[in-house]
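The structure appears below as structure tokens.
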Amino acid sequence: MNEAVDPLTAAAGSGNPAAAELADERILGAYGSGDGGPLVVCVGGVHGNEPSGVVALERVISRLRDRQPTFRGRLLAVAGNLPALRAERRFIDRDLNRGWSVRRVSEVLERPAMTEDFEQAELLRVLVPAIRSAPGSCLRARGQRLLEDRAAWPVTLPPRRP
Ligand SMILES: [Zn+2]
């Protein structure tokens with residue numbers, strides 16, 4: 001998993017151009033040290049015609065940074081479907097909010113073809129290292145084992161979008 005970009009490093013600006021690019025667009029922000037609490041990952045704009053989630057997350061991160069409240073655990077705010085957000089469309093080729101089972105993710109990563117396949121891979125480049133390095137529990141999407149079973153996460157991610 002050496003190819004993965006640590007979101008905190010990316011957000012802080014590591015000097016790595018790829019990480020900086022990721023931090024600019026994908027990572028909306030992070031708050032908290034992670035000590036003594038869970039990792040909470042919020043993804044806004046999974047549907048490109050719903051940008052309000054991105055705006056809300058930017059506001060939450062901004063307020064947290066301004067007020068510096070004690071925060072056990074860590075909040076990571078991430079933008080979802082960047083091409084669809086730019087196009088102000090729900091999705092480009094397929095609904096990004098479908099296909100997050102372990103089996104489906106593995107299939108997508110093996111043979112990425114559609115815009116959202118690559119988008120899913122890019123999200124996983126952020127989410128996998130964050131979840132793997134989380135000291136405590138992880139928030140789990142209802143009915144999905146993906147975030148619960150860290151060992152089941154795909155080890156190999158496809159190359160970046162050409
Ligand atoms: Zn939606």
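If you take every residue apart from Gly48 with its C-beta less than 15 Å away from the C-beta of Gly48, what net charge results, scoring Lys and Arg +1 and Asp and Glu -1?
Values: positive: Arg26, Arg86, Arg89, Arg90, Arg94, Arg98; negative: Glu25, Glu50, Glu88, Asp93, Asp95, Glu116, Glu119, Glu122.
Cβ neighbours under 15 Å give a net charge of -2.
Ordering Asp95, Asp66 by the number of other Cβ atoms within 10 Å of each residue's own Cβ, fewest first, gives Asp66, Asp95. With θ taken as phi - 60° and the Karplus curve 6.51 cos²θ - 1.76 cosθ + 1.60 applied, the whole-hertz 3J(HN,Hα) list for region 44-58 is x, x, 4, 9, x, 8, 10, x, 4, x, 5, 4, 4, 5, 4 Hz, x standing for glycine and proline.
Want the number for Glu110 to Arg132: 0.36 nm per residue separation, take away the alpha-carbon distance, what's left? Walk me through the numbers before you get to the answer.
Working: separation 22, 0.36 × 22 = 7.92 nm, distance 2.08 nm.
Length gained, Glu110 through Arg132: 5.8 nm.
Overall, the anisotropy analysis places region 65-108 in the oblate class: the square-rooted eigenvalues a ≥ b ≥ c of its C-alpha gyration tensor yield a/c not less than 1.5, with a/b not exceeding b/c. Taking other C-beta atoms within 10 angstrom as a stand-in for reagent exposure, Val102, Val78 fall in the order Val102, Val78, fewest first.
We did not get these values from a lab; they are worked out from the coordinates using the rules stated. Worth saying up front: this structure is predicted, and the values here are computed from it rather than measured. Cβ coordinates were reconstructed from backbone atoms using ideal geometry, including for glycine residues, and neighbour counts include every protein chain displayed.
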